[in-house]
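The values are calculated or read from the model by the stated rules, or taken from the named source; none is laboratory data. Keep in mind that what you see is a predicted model, and the values were worked out from it rather than measured. Here the Cβ positions follow ideal geometry from the backbone for every residue, glycine too, while neighbour counts run over all protein chains shown. Surface accessibility is based on the protein's heavy atoms, side chains included, excluding ligands, DNA and RNA. Shrake-Rupley method; radii C 1.70, N 1.55, O 1.52, S 1.80 Å.
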There are 2 protein chains.
Amino acid sequence: MMQRQLAKKLVRFFNSAASSTNTGAQYRSDMSNQGKQRTEAPKFITEDDINKKVVNAEYAVRGTVPTRAGKIKQLLKEGSHNYPFNQLTECNIGNPQIFGQKPITFNRQVLSTILNPELVNSEVYSKDVRARAKYYLERMGNTTIGAYSDSAGHIFIRESVAKYIAKRDNHLIPPDVNDIILTDGASQGVQICLNVLISDSRDGIMIPIPQYPLYSASCTLVGASEVHYFLDEQKGWSCSVEELKKQHRDAKMHGINPKILVVINPGNPTGQVLSYDTIKQMIEFAYDHKMVIFADEVYQDNIYTPSKEFVSFKKVRSELPYPYNNIELFSFHSTSKGLLGECGLRGGYFEMCNIDSRVKEEIIKLRSMFLCSNTVGQCTTELMCNPPTLQNASAETVEQYNNERNALLESLKRRAQIVTESLNKMTNITCQEVEGAMYAFPSIKFGKKALSEAAKKKMEPDLFYCLNVLENTGIVLVPGSGFRQEENTYHFRITTLILGEDRLRESMEALKNYNEKFHKEYC
Amino acid sequence: MMQRQLAKKLVRFFNSAASSTNTGAQYRSDMSNQGKQRTEAPKFITEDDINKKVVNAEYAVRGTVPTRAGKIKQLLKEGSHNYPFNQLTECNIGNPQIFGQKPITFNRQVLSTILNPELVNSEVYSKDVRARAKYYLERMGNTTIGAYSDSAGHIFIRESVAKYIAKRDNHLIPPDVNDIILTDGASQGVQICLNVLISDSRDGIMIPIPQYPLYSASCTLVGASEVHYFLDEQKGWSCSVEELKKQHRDAKMHGINPKILVVINPGNPTGQVLSYDTIKQMIEFAYDHKMVIFADEVYQDNIYTPSKEFVSFKKVRSELPYPYNNIELFSFHSTSKGLLGECGLRGGYFEMCNIDSRVKEEIIKLRSMFLCSNTVGQCTTELMCNPPTLQNASAETVEQYNNERNALLESLKRRAQIVTESLNKMTNITCQEVEGAMYAFPSIKFGKKALSEAAKKKMEPDLFYCLNVLENTGIVLVPGSGFRQEENTYHFRITTLILGEDRLRESMEALKNYNEKFHKEYC
């Protein structure tokens, strides 16, 4: 009975979706229906008035599948029994705490204190917590978190970030604090910098394929040209300089001038960790072709393969001979990933290396139009860059912090392994090792029937697959088409964050079983 | 002696500034010098690569004078005795807590609890505080503030905002939560909406003059045409429909199509509170001319004149006959002003009335590219919209809240009066009554010598004046030219937030005395 209802519902949904092929349009057609029910009055601002750059920007992480998932979530909340599951498993976005990942105790106690400075003089928290909170409050205007900071962020926090970068890269001299800007998450930093650097539609931005959709979307928003370079899935999503040179050549032939090389390391959605030598070659390539580098390094603390370590572009750059040690570099980091997973607090920073002073001024001016990044996120960034150590805290605090940190890293590593192993046991699915970050990006092969069914629905096959997985298992995936992929290959992105090994194994089992069913049905 | 040093320093500074006339350029030339000392290496990205729209956007609130103030602040910190003051008085930006304004106790205790949920089950805070925190945590993913919310913000908070709007406007039906988007402060909401609505350089945005520079800056960033309508200073900065019609006509004659009417009520920097009838006429004007309204209502709780009350555009709209009750309206609010003054926490929302569903989808999509607004700011927004009442809290909590609220409102009112009265006693300065918001925007007349001195320095006279005030008193003002003003009139903006009546009167005295001196010297 339930299965029949489900089938009907699916048909209804797919037909309503049949109006479009791309995720963005699908997302829209869904919402228009909502909208039309609501407002009937005549409008002066209509579809034709919308900035086309915005219309054309696609952001699959919050696209068709998550939009449909939102509706199902609502139905479940309203008590619907039409689904073979009673809750969603939201694997579409790197949101660790949604699965119950615990934030670092010390960090949260410090934040709890700065929100209510009275706690500094109470016994509620340890001396170490109160000392850290006091340190922040004394350096903020009138000891309050409620005041605007400088546009670029509180200077004492930028000093901490500078020290962190120096320590990370075994460098003696910390960077100039004026080269560090605090942001509400990394995405904001990327968009601010692109807005300043892009002035012409022939400006090219080289982005890896597959990529995190922020880059293709931002590229569209600022009106630049996307130049794709393909990662080699068979070689663990590695990047080759030959491919970079080839794509750069092709772009030039088409009158496009690549100005920015975007690198995501560890990879999102692909999970690879770049080697020192690859980074070296990418820097040399970028310099030789007069490009600046955008290094998205938000997963620098999410490394799972013992044989791999994170090396920053900044570090490799500083160890190269002139002129390569002068490459212009932006590096982005965030409090949303790593071992904090504080997505909601919106903290982050970016560092500018050897950036023209005029460019920097314009970046700071643009930043200043939003006044400043949120101050709680700024303090969270300080906590990320300056954890408790025996130099600044008691052995007890340090031990608790290290225990939490190590347990979390172990757990993240184990979860990544379980997901990869499970995926590789599924019919028509192969998945590269997840060396870092928090996603698996398996490739999936479809039979003729699946392809023709998807074509009938005017959908990418992987979108068709992910929607079926959602309706049948409650697991929210993002189709590979949202990240771009080589033609005639299909993928999906799944986060490796499901917490509690039982729930993780159950979800993987559910996916395995439905995947089996899907391929039987459509092959 | 000190005076001589000061004079020398001034000359040096002014000469170094002599390269430009506009605040933006000035701001830049300052910083370039810094920059050049720092980095010498060759650059691929230079001044010529910068997006011209960004270069041309000016944001005086963080412009020349505040930039210079930042340098002086640093010098004072380093122990400089070259100034006749030992601290700055930062009246350039509405940042209440920088002067020691206390945040609302209940709000901060709730925020302190959600950052560390263990406090829900402790005795640290009152039952009311813990109940509110528990209410939030239960409605967030996995009871954590550290997870991303929906792109538009947590739905339970948007529901609170909807109820608040209905109550404020004596309306029975709360707005649809899908018409409410939570933001990191109001500025972000304005920029998101403008980015979606503006698609052509002939699209016009009608902005009041004087205006808050966010609007002229955003207008430049999105590549729209500014259409100025002038407020009548002699009539308390009132707005006349004749003026709106005149400017609209002129714009049309120049091939510009005004699409958006920006209204700031209470006014920034002008402090006037619009009457019901004026709002009615502005809505009728906007509808008759096929425009949508952007109502910047962030100062709706800052009303000081007993005879005036805040009326929202939403309320007037809903009480007008068809078709005017269908006017397309965006209304922006923030936790940074009002009685919270929580600038650093970056909370806010905007409401969309009768906006086309496709336009709304694109706004939400653009919002989703930054994932979501920070969740602490979201909870602060809920606290602003849903204060403790006898329905949701104990008499004790309600009384404490009301006492803090009323004391603060009284104090803000008194400070506004003192500033206005003091300014009106100063030579060549006249100031309209500050009916609301947190700024005075007095007009100042300059003698021939001041005008020619300023011309020599290639500066607007009011910039020249504000820089002198800064160097001689440490008071940071923003020149009227940063807000735009009628030709051959000069003004400055000063916040009315200096706390502690002694400090306030001292600052006003210092300004009065230097103003006297300035006019003697330059007349």
Check your understanding: For residue A:252, which aspartates and glutamates qualify as cross-link partners when the Cα separation must be under 17 Å and same-chain residues fewer than eight apart are set aside?
Key -> A:200, A:203, A:226, A:242, A:243, A:288
Point to revise | Shortest-first nm distances, residue A:405 label point to equivalent points in other copies (7 Å, Cα→Cβ) | key: 4.5
Check your understanding: Pairs B:259/B:315; A:259/A:445; A:52/A:235; A:73/A:102: which are spaced more than 26 Å apart, C-alpha to C-alpha?
Key -> A:259/A:445; A:52/A:235
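Quick one: in segment A:170-209, what % of C-alpha pairs are over 11 Å apart? Please report the intermediate quantities before stating the final value.
Working: 588 of 780 pairs.
Cα-Cα pairs of segment A:170-209 separated by over 11 Å account for 75 percent.
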**Study point:** Centre separation in Å (Cα based) which lies between segment B:326-340 and segment A:356-385
**Key:** 25 Å
Check your understanding: So how many Å³ per residue does the convex hull of the Cα atoms of segment B:365-484 work out to?
Key -> 201 Å³
Exercise for review: Rounded to the nearest 500, what is the 222 nm mean residue ellipticity of the protein assembly as shown from helices alone, with -39500 (n - 2.57) per DSSP H run of 4+ residues and division by all residues?
Suggested key: -14500 deg cm²/dmol
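Averaging over all projection directions, find the projected area of the Cα convex hull of segment A:410-476 and quote it in nm² with one decimal place.
Details: hull surface 20.5 nm².
Averaging across all directions leaves 5.1 nm² for the Cα convex hull.
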Review point. In whole Å and largest first, what semi-axes does the C-alpha gyration tensor of segment A:86-207 yield when each eigenvalue is scaled by 5 and square-rooted?
Key: 31, 24, 16
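Per residue, what volume in Å³ does the convex hull of the Cα atoms of segment A:73-143 enclose? All intermediate terms of the calculation are to be shown ahead of the outcome.
On the way: hull volume 11.6 nm³, N = 71.
Spread over its residues, the Cα hull of segment A:73-143 gives 164 Å³ apiece.
Just counting partner chain Cβ atoms within 10 Å, what average do the residues of peptide A:321-327 show around their Cβ? Intermediate results must be reported in sequence, preceding the final value.
Details: counts 0, 1, 2, 0, 1, 6, 2.
For peptide A:321-327, the averaged partner shielding equals 2.
Where nothing but the Cβ of Lys and Arg (+1) and of Asp and Glu (-1) is charged, how large is the charge dipole of segment A:241-398 around its Cα centre, in debye to the nearest 20? Please list the in-between numbers first.
On the way: 17 positive and 19 negative charges, 98 e Å.
That gives a dipole near 480 debye.
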Check your understanding: How would A:221, B:463 line up by accessible area, probe 1.4 Å, largest first?
Key -> A:221, B:463
Revision key, fill the gap. Using a 1.4 Å probe on heavy atoms of the protein chains only, the accessible area for residue B:282 in Å², nearest 10, reads 0 Å²
Review point. How much accessible area does residue B:154 have with a 1.4 Å probe, in Å² rounded to the nearest 10?
Key: 20 Å²
Review point. Which percent of Cα-Cα pairs in segment B:198-349 sits in each 5 Å bin, short to long?
Key: 2, 9, 18, 22, 21, 16, 8, 3, 1
Exercise for review: Kindly give the distances from residue A:322 to its copy-mates, label point to label point, with each label point 7 Å from Cα along Cα→Cβ, as nm values to one decimal ordered shortest first.
Suggested key: 7.8
**Study point:** Rel. contact order, % - alpha carbon contacts under 8 angstrom, at least six apart, chain A
**Key:** 20 percent
**Study point:** segment A:101-144 - accessible surface per residue (Å², probe 1.4 Å)
**Key:** 42 Å²
Exercise for review: Would you kindly work out the equivalent ellipsoid of the protein assembly as shown from its C-alpha gyration tensor and give its semi-axes, the square roots of five times the eigenvalues, largest first in whole Å?
Suggested key: 46, 33, 30
Study note, to complete from the structure: Rounded to the nearest 10 Å², the 1.4 Å probe accessible area of residue B:124 is 60 Å²
Point to revise | Within chain B, longest stretch clear of exposed trypsin sites (Lys or Arg not before Pro) (DSSP loop, no more than 15 other Cβ within 10 Å) | key: B:1-201
Practice item. Largest first and to the nearest Å, give the Cα extent of chain B along each principal axis. Key: 64, 61, 58
**Study point:** Number of partner chain Cβ atoms within 10 Å, mean per residue of A:107-113
**Key:** 5
Practice item. Quick one: with label points 7 Å out along Cα→Cβ, list the inter-copy distances for residue A:253 in nm, shortest first? Key: 5.5
Check your understanding: Translational D (Stokes-Einstein, µm²/s) of segment B:66-113 at 20 °C and 1.002 mPa s when Rh comes from the Kirkwood sum over C-alpha pairs?
Key -> 163 µm²/s
Check your understanding: Expressed as a whole number of Å, what is the distance separating the alpha-carbon centroids of segment A:248-266 and segment A:200-215?
Key -> 8 Å
